[in-house]
Amino acid sequence: MHSTPTPEENPGQIAVIRADLRHERLAARESIEAAERVRLAARIEGHLAEALQGHRPTVIAFCWPMKGEFDARPFVERLMARGWRAALPVADRNAAPLHFRPWVPGAPMTTDLYGIPVPRAGETAVPEVVLVPLVAFDEAGYRLGYGGGFFDRTLATLSPRPRAIGVGFELGRVSTVHPQGHDVPMDAIVTEAGVRHFVRN
């Protein structure tokens, strides 16, 4: 009689677990009521300011909010008033790293492969800090995104690698996201509960 494979031994089972987790946490995130979302966002912004305390103004990349994500635009605009520059990731090829275009409020926009707003034009920007949205995350600093692997490919290829700060809601916290070999851990994770820093190997 054969023993039942554990998720660690069965890639197919891991894929199902991760897909179920993604679906569950996305539904929970999208169900946050408007007033509660405002309250949580204010707390996240405070902790993001803490995470960036002492960092010299540089290029910070963030994602246009979708599917109930934390909206980083107000926070980024305040950074820009202090000399920071902003960029948005652009996905224009499947299974390829992202690239980044400079962004300012009111910039002409278009959409990428997935219908996400991105700047219509601009030379490639090189961010030193990237705010990465979280669907789910664990205590080891690994995140679960939408399943396309774009940020993992991007962080693995950028040199020097930017500081990756995962940003999301505490409801995304799980014991493990069952990270795979291609998954890249965050340098820090920020939620409404605070900042957690991780030591990069």
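The values are calculated or read from the model by the stated rules, or taken from the named source; none is laboratory data. All figures in this text were calculated on a predicted structure; none of them were measured in a lab. Here Cβ is always computed from backbone atoms with ideal geometry, including for glycine, and neighbour counts include all displayed protein chains.
Just give me the residues in region 116-151 being charged (D, E, K, R) and either modelled with pLDDT of 95 or more or over 28 Å from Gly46 (Cβ atoms) (or both), in sequence order.
Arg120, Glu123, Glu128, Asp138, Arg143, listed by residue number.
For residues that are small (Gly, Ala, Ser), within 20 Å of Val126 (Cα to Cα) and surrounded by fewer than 21 Cβ atoms within 10 Å (Cβ to Cβ), tally how many sit in region 55-94.
3
Looking only at residues that are part of a loop (DSSP other than H, G, I, E, B) and free of Cβ contacts under 8 Å to residues at least 12 places away in the same chain in region 93-128, which one is nearest to the chain's Cα centre (by Cα)?
Applying the filter and picking the extreme gives Gly115.
Pull up region 168-201, narrow it to residues that are closer than 20 Å to Gly68 by Cβ, touching a strand residue (DSSP E or B) at 6+ places or on another chain (Cβ under 9 Å) and charged (D, E, K, R), then point me to the one that is surrounded by the most Cβ atoms within 10 Å (Cβ to Cβ).
Here the residue is Arg173.
Restricting region 129-167 to residues that are at negative phi, surrounded by 17 or more Cβ atoms within 10 Å (Cβ to Cβ) and in a loop (DSSP other than H, G, I, E, B), which is farthest from the chain's Cα centre (by Cα)?
The qualifying residue farthest from the chain's Cα centre (by Cα) is Leu158.
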